[in-house]
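The values are calculated or read from the model by the stated rules, or taken from the named source; none is laboratory data. From a predicted model like this one, the values you see are computed outputs, not experimental measurements. All Cβ positions, glycine included, derive from the backbone under ideal geometry; neighbour counts span all protein chains shown. Note: areas computed on protein heavy atoms with side chains; ligands, DNA, RNA excluded. Shrake-Rupley method; radii C 1.70, N 1.55, O 1.52, S 1.80 Å.
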Amino acid sequence: MTETDMVHEQIDTIDALMAHYVAGSLPEPARVLVQSHLEMKPENRSLVNSLELLAAEALENAPEAAIADRDARLAAIFSSASPVPAPRTAARPENALFPQALRALLGFEAEDVPWRRRLPGFKEYSLDMDGCDVSLMWIRPGRALPAHTHKGMELILILDGAFNDERGRFGPGDISIADETVDHRPVAEKDRPCIAFAVSDGPVKLTGSFRQMIGDLIG
């Protein structure tokens, strides 16, 4: 594994992703992606609650260990300044597209995204954050993205609309997990644009036939 890996072991299922979320081992944009998913699909919070209980039980049953320099550490804690409370996140506007966690991360709502046209029928807003490539994507209804695989890991949270690929359908609140084992060609559904939030730690590699690739690039 390289220093740019999103985590230090494989994430290939939603359960594994949630376990890393509970363990606090995800980079910040991936953590926000999962938190946003839980805002959109609160029924999935039960899995996270169960994992948190298991983690608490494991911690409670862990053998006690002596703390080195106990008195010095306590003195440092009591002499430190009180933590500054984190600023409160504004309430999510009614009918807002972005989950509150995502809006807090980006600092704006869907109508304010500074989109850049990447391909016909495909717009993106991207930035680097915490060692990850982070982006919002807007895909025209019915548009296919070029077939590709990944040289790292990619997490995509669907915010609005949906896309279909070789694995099935991904709609609002769903998370797509893709790595080098996944070769797919996402196609936005025809009734509305697909808007998604993506976090990845490696580039994509185009696949498929030359004719299909050219057709998908020009839209």
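If I go through the range 23-37 residue by residue, how many of them are of a type in the set (A, V, I, L, M), buried (at least 19 other Cβ atoms within 10 Å of the Cβ) and in a helix (DSSP H, G or I)?
4
Would you confirm, using the coordinates I've provided, whether P146 is touching a Gly at 6+ places or on another chain (Cβ under 8 Å) and surrounded by fewer than 18 Cβ atoms within 10 Å (Cβ to Cβ)?
No.
So, in the range 104-137, of the ones that are open to solvent by less than 60 Å² (accessible area, probe 1.4 Å) and among the aromatic types (F, W, Y), which residue ends up farthest from G215 (Cα to Cα)?
Among those that are open to solvent by less than 60 Å² (accessible area, probe 1.4 Å) and among the aromatic types (F, W, Y), it is F108.
Out of all the residues in the range 175-192, which are open to solvent by less than 40 Å² (accessible area, probe 1.4 Å), assigned to a loop (DSSP other than H, G, I, E, B) and either in contact (Cβ under 8 Å) with a residue 60 or more places away in the chain or touching a Gly at 6+ places or on another chain (Cβ under 7 Å) (or both)?
Initial filter on the range 175-192 (open to solvent by less than 40 Å² (accessible area, probe 1.4 Å)): 175-179, 182, 184, 186, 188.
Going one step further and asking which of them are assigned to a loop (DSSP other than H, G, I, E, B), we end up with 179, 182, 186.
Scanning the range 175-192 gives a single hit, D179.
Answer with yes or no whether A198 is among the small types (G, A, S), farther than 21 Å from H20 by Cα and crowded, with 17+ Cβ neighbours inside 10 Å.
No.
Would the range 152-173 turn up any residue that is free of Cβ contacts under 8 Å to residues at least 24 places away in the same chain, in contact with a strand residue (DSSP E or B) (Cβ under 8 Å, 6 or more places away or on another chain), open to solvent by 10 Å² or more (accessible area, probe 1.4 Å) and not in a strand (DSSP E or B)?
Yes.
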